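A short worksheet on the structure shown next.
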Amino acid sequence: FMINDDGGAVVQGDASIAIASDGSFIITWSDRRNGDNDVYAQMYNADGTTNGSNFMVNDDGGTRTQYRPEIAIADDGSFVIAWADFRNVMSGNYDIYAQAFDADGSTNGSNFLVNDDGGPFTVQEGPDIAMAADGSYVITWYDRRNGTTNSDIYAQAYNADHTEDGANFMVNDDGGSSPQDYPAIAMAADGCYVISWNDFRDGNWNIYAQAFDADGNPDGSSFLVNDGAGGSQDQYSSITMADDGSYIITWQDGRSGNNDIYAQLYNADHSANGSNIRVNTDSGADQQGKPSIALNADGSFIIAWHDNRSGDYDIYTRAFNADGTAKT
């Protein structure tokens, strides 16, 4: 079924979805129905019927671009949407904004600025968001406040009442000038979380990650996720986390000379559970990329990705048991 209700021949993209504990869900996306990119969303009941109509999330009222929204939802149905926002582009700023909503879809306050750098001519993009059961949450993004070629991963924690819990903090700990970008975040019910991202500190793109406890303290140092030979290009991770603190990271992996999908299971103590798993089963040099992962309550999981094994890009998926063995 089609989500956008504008009925026009305009472009919608960058969709993100979150599901509540009662089975209701919300989809958000970028939308050009107004002649510029805005962020829209639609609420659904658990039976798949619409709850209201499409609504615009950004409240700037101008013609600046908003795009790449991400959404997270609490156990009570309240939710937060974060996105990249160009409303301050005349001062050279590309920022991260967010909007909080109550469970009935009413706005809780206005759009708020997430990055606190305050300087002109900086770029913040690629947000992701994760939420604990109590409604506290963390937004992460990549940030060039330390130099135009030195993008780092930053994050901001929020309390359940949407007040800031501390200030922006840098996630990557390499201490150099190598770029990091496109983070992904997952959180357990108790508020502990893990952030993964693309990282060039080793002279090629790898996937690194950092674990945090429920108080937002780093749990150890950042660690390398992919175990392939050096020199491959590994990017675009997605992560999911169980309530017991175990988690799975999946990514686009170039170790074979073409892009495949790999995954790694982790225990709650952040030790690797086995080694990297190759997800796609084709034997050719076809390209697979940009995976997304979702976890069931029993620990089984599903990974979806785009795949050109048939000539055109299609969407493929594969299901796994909780121990990482494939179901199909």
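The values are calculated or read from the model by the stated rules, or taken from the named source; none is laboratory data. It should be emphasised that the depicted structure is a prediction, and the values quoted were computed from it without experimental measurement. Positions of Cβ are generated from backbone atoms using ideal geometry, with glycine treated the same way; all protein chains shown enter the neighbour counts. Heads up: the accessible areas ignore ligands, DNA and RNA and are worked out on the full protein's heavy atoms, side chains in. Shrake-Rupley method; radii C 1.70, N 1.55, O 1.52, S 1.80 Å.
Using only side-chain charges placed at the Cβ, +1 for Lys and Arg and -1 for Asp and Glu, the dipole size of the chain relative to its Cα centre rounds to 1000 debye.
For the chain, the equivalent ellipsoid built from the Cα gyration tensor has semi-axes of 29, 24, 21 Å, listed from largest to smallest.
Computed from backbone phi, the HN-Hα couplings of segment 205-215 come to 6, 10, 9, 10, 8, 9, 9, 9, 7, 5, 8 Hz, rounded to whole numbers (Karplus: 6.51 cos²θ - 1.76 cosθ + 1.60, θ = phi - 60°; Gly and Pro given as x). With viscosity 0.692 mPa s and temperature 37 °C, the Kirkwood radius over alpha carbon pairs of segment 279-325 converts through Stokes-Einstein to a diffusion coefficient of 288 µm²/s.
Restricting the calculation to Cα atoms, segment 94-187 shows an Rg/Rh of 0.99 when the hydrodynamic-style radius is the Kirkwood one. Along segment 84-99 the Karplus relation, 6.51 cos²θ - 1.76 cosθ + 1.60 evaluated at θ = phi - 60°, assigns HN-Hα couplings of 7, 9, 9, 4, 9, 5, 5, 9, x, 9, 10, 10, 10, 10, 8, 9 Hz to successive residues, with x for each Gly and Pro.
Within the assembled protein chains, the solvent-accessible surface assigned to residue 327 is about 110 Å², based on a 1.4 Å probe.
Remark: accessible surface ordering of 265, 295, 224 (largest first) is 224, 295, 265, probe radius 1.4 Å. Per-residue accessible area (protein heavy atoms, 1.4 Å probe) orders 256, 238 as 256, 238, starting from the largest. Remark: segment 28-133 projects, on average over all directions, an area of 7.1 nm² (convex hull of Cα atoms).
Normalised by the number of residues in the chain, the mean separation of alpha-carbon contacts (under 8 Å, six or more apart) gives a relative contact order of 8 percent.
Ranked by the mean number of other Cβ atoms within 10 Å per residue, highest first, peptides 108-120, 134-146 order as 134-146, 108-120. Look at the Cα gyration tensor of segment 224-328: its axes a ≥ b ≥ c give a/c of at least 1.5 with a/b at or below b/c, and that counts as oblate. Among the protein heavy atoms of the chain, carbon and sulfur supply 47% of the accessible surface, probe 1.4 Å, non-protein parts ignored. For segment 127-267, the equivalent ellipsoid derived from the Cα gyration tensor has semi-axes of 25, 18, 11 Å, listed largest first. Here the Karplus curve 6.51 cos²θ - 1.76 cosθ + 1.60, taken at θ = phi - 60°, turns the phi angles of segment 170-180 into couplings of 7, 8, 5, 10, 6, x, x, 10, 6, x, 10 Hz, with x standing for Gly and Pro.
Over the chain, accessible surface divided per residue gives 42 Å², non-protein components excluded, 1.4 Å probe.
Taking amide H atoms as placed 1.01 Å from N in the peptide plane, the amide H of residue 324 has no partner under 5 Å among residues 5 or more positions away or on other chains. Once the C-beta distance of residue 233 and residue 50 is scaled by a Förster radius of 56 Å, the resulting FRET efficiency is 0.85 to the nearest 0.05.
Within the full protein context, the accessible area of residue 70 is estimated at about 60 Å² for a probe radius of 1.4 Å. The residue among 188, 147, 97 whose Cα reaches farthest toward the positive pole of the charge dipole of segment 92-206, with charges on the beta-carbon of Lys, Arg, Asp and Glu, is 147.
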